[in-house]
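Participant: The structure under discussion is supplied below as structure tokens; questions concerning it will follow.
Only the coordinates and a few stated rules stand behind these numbers; no lab work does. Note that the coordinates shown come from a computational prediction; the quantities given were computed from them, not determined experimentally. Note that each Cβ is placed from the backbone with ideal geometry, even for glycine, and that neighbours are counted across all protein chains shown.
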Amino acid sequence: MKVDHAVADGKLRLSGYLVVNQFLAAQDSLRRAFALDPEDLLIVLTVALGSVQRMLRDPDPAGLAVSTALVEQERIVPVSRRAIARSLDLPRETVRRRTAALVERGLLLEWDRGLRTARRLVLVPAIRDAIHELLESTAGTCRGLLREGVFTA
């Protein structure tokens, strides 16, 4: 699938609406599933995706990035508060305070060199349902962009 930038420019308002609406729907689904405010949600997702991004960049012969199997502890790379602050452009003190509360709630775990998400968080029913909601919403957005000619096969 490719983006036809000329068509996207010709339908910029509609294209922008569909993409931004997708973003807001995704944020709302995840915020409800995690029961977090937007800033805490961004922190949890930044920590959660840190290890997944590394697994997707590195060779993954066991296919752990695309399975529901437990990931060995040594493959989970903790994310530092400094990296979170830098990634989200938040003050380090804000990140320190908010991550302390998230650790207390059990959503994040302290690790020797940073933070990681609670084990198997993605299999929590509300989070799994939110991921399904996101997939449906994303599919709808893609269908709309395909129908308008912004996306081409």
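Participant: Got a sec? How would Thr141, Thr94 order by Cβ neighbour count within 10 Å, fewest to most? List each step's numbers first, then the result.
Facilitator: Numbers: Thr141 18, Thr94 15.
Ordered by Cβ neighbours within 10 Å, fewest first: Thr94, Thr141.
Participant: Residue by residue through the range 5-22, which ³J(HN,Hα) values in whole Hz follow from phi under the Karplus form 6.51 cos²θ - 1.76 cosθ + 1.60 (θ = phi - 60°), with glycine and proline marked x?
Facilitator: After applying 6.51 cos²θ - 1.76 cosθ + 1.60, I find 5, 5, 5, 4, 5, x, 10, 4, 4, 5, 4, x, 4, 4, 6, 5, 4, 4 Hz.
Participant: Let me ask you something else. Working out 0.36 nm times the residue gap between Glu136 and Lys2, then minus their Cα-Cα distance, what length gain in nm do you get to one decimal?
Facilitator: Working it through step by step, the gained length comes to 46.2 nm.
Participant: Counting only residues 5 or more places away or on other chains, whose amide H sits under 5 Å from the amide H of Gly114 once H atoms are built in the peptide plane?
Facilitator: none
Participant: Shifting gears a bit: Mind giving me the FRET efficiency for Trp111 and Tyr17? R0 is 25 Å, r the Cβ-Cβ distance, nearest 0.05 is fine.
Facilitator: It comes to 0.05.
Participant: How much length, in nm to one decimal, is gained on full extension between Arg147 and Val77, taken as 0.36 nm per residue of separation minus their Cα-Cα distance?
Facilitator: 21.1 nm
Participant: Once you put a point 7 Å from the Cα of Arg128 and another 7 Å from the Cα of Arg96, both along the Cβ direction, what distance in nm separates them?
Facilitator: My value for the distance between the label points is 3.9 nm.
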